[in-house]
Amino acid sequence: MGTNYEKAFYRDYEQLFQKNEKQASELRTLKYNYNLISRKNETLEKQKQELAEQNSAKDVLIIDLTKEVERLKSLLNIDGTNSGLSTSSTPINKEKVIPNSREKMGKKIGGQFGHAKKKLERFADSEVDTYVEHVPEECPECQCTDLDDTGEVIEKDCLDYKIVVEKIRHRFRVKRCHQCGKEFHERIPDDLKEENQYGIQVQATALTFMNQGNVSLNKVRKMINGFTGGEMQLSEGYLCKLQ
């Protein structure tokens, strides 16, 4: 058996060891609770951020819907008094407005005497691109073909345009570098990526009809087909893709 000093030492050591184990257990519990609370805080913060994003998206949607409502209200309020809407296009729920601010002058209908007539002016000789000769072959009275030229010419000008269909082939010549042997060619533009494609003039015309004239796809297809004498038959799918 040890001395009283040794007994007291081992007793104090045992008490300190048990106290240390207890504190270590409490520390582990505190760390676990801290990690648990941290994860909960992260989850709450993530939910808060998602909720803020949803609220922001809702705010944008509310603004867009408000604008759409205002736009539709403005359309409902359109009539002949505040727009160029024709009388025949007046909505059913509105009374037809027939504006007529002209005062009766007692004059007859149509062009007035002495009013300058608007017309195309004759071309200058330098402006003429093409001459078309019209030569009679026989007398309209007796059908005689022995005709003398009087030297007099009656000229009538005409301003017109024509659509010329062009079938263009672009050729990119391949060259080889004499020094390094690399073969190359000029860069092929994006509008020539296919083996054959419609040119930019056709595309611009189709887009103008659709966007500026509000012409339907079917009519655009038929119009371009008619303008080109049946050479170009654009499909509605191509027009949608082009748009």
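The values are calculated or read from the model by the stated rules, or taken from the named source; none is laboratory data. All of these numbers come straight from a predicted model, not from anything done at the bench. Heads up, the Cβs are rebuilt from the backbone with ideal geometry, glycines too, and the neighbour counts pull from every protein chain shown.
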Taking segment 199-225 as the region of interest, how many residues are closer than 26 Å to His170 by Cα, of a type outside the set (Val, Ile, Thr) and over 19 Å from the mean Cα position of the chain (by Cα)?
1
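Before we move on, is Val215 surrounded by 10 or more Cβ atoms within 10 Å (Cβ to Cβ) and either of a type in the set (Ser, Thr, Tyr) or in contact (Cβ under 8 Å) with a residue 24 or more places away in the chain (or both)? I'd like the intermediate steps shown before the answer.
Numbers: surrounded by 10 or more Cβ atoms within 10 Å (Cβ to Cβ): yes; either of a type in the set (Ser, Thr, Tyr) or in contact (Cβ under 8 Å) with a residue 24 or more places away in the chain (or both): no.
Considered against the rule, which asks whether it is surrounded by 10 or more Cβ atoms within 10 Å (Cβ to Cβ) and either of a type in the set (Ser, Thr, Tyr) or in contact (Cβ under 8 Å) with a residue 24 or more places away in the chain (or both), Val215 comes out as no.
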Consider Tyr34 against the criteria (1) hydroxyl-bearing (Ser, Thr, Tyr); (2) loosely packed, with under 10 Cβ neighbours inside 10 Å; (3) modelled with pLDDT of 85 or more: it satisfies all of them except one. Which criterion is unmet?
(2)
Within segment 1-51, track down each residue that is within 53 Å of the chain's Cα centre (by Cα) and among the hydroxyl-bearing types (Ser, Thr, Tyr).
Ser38, Thr43
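Among the residues of segment 171-187, is there at least one that is small (Gly, Ala, Ser) and at positive phi? Steps first, answer last, please.
In the first step, residues of segment 171-187 are kept if they are small (Gly, Ala, Ser); the result is 181.
Add one more test, that the residue is at positive phi, and what stays is 181.
Looking for residues that are small (Gly, Ala, Ser) and at positive phi, one finds at least one in segment 171-187, hence yes.
Could you list all residues from segment 110-145 that are loosely packed, with under 10 Cβ neighbours inside 10 Å and over 53 Å from the mean Cα position of the chain (by Cα)?
Just the residues of segment 110-145 that are loosely packed, with under 10 Cβ neighbours inside 10 Å, to begin with: 110-121, 124-127, 129-137, 140-145.
Across segment 110-145, the qualifying residues are Pro136, Glu137, Pro140, Glu141, Cys142, Gln143, Cys144, Thr145.
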Is one or more of the residues making up segment 139-153 in a loop (DSSP other than H, G, I, E, B) and either assigned by TED's automatic domain parsing to the domain that holds Lys241 or among the aromatic types (Phe, Trp, Tyr) (or both)?
no
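Can you tell me which residues in segment 221-243 are assigned to a helix (DSSP H, G or I) and β-branched (Val, Ile, Thr)?
Of the residues in segment 221-243, the ones assigned to a helix (DSSP H, G or I) are 221-227, 236-242.
Residue satisfying the conditions is Ile224 alone.
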Considering every residue within segment 126-149, establish whether at least one is aromatic (Phe, Trp, Tyr), under 28 Å from Gly229 (Cβ atoms) and modelled with pLDDT of 90 or more.
yes
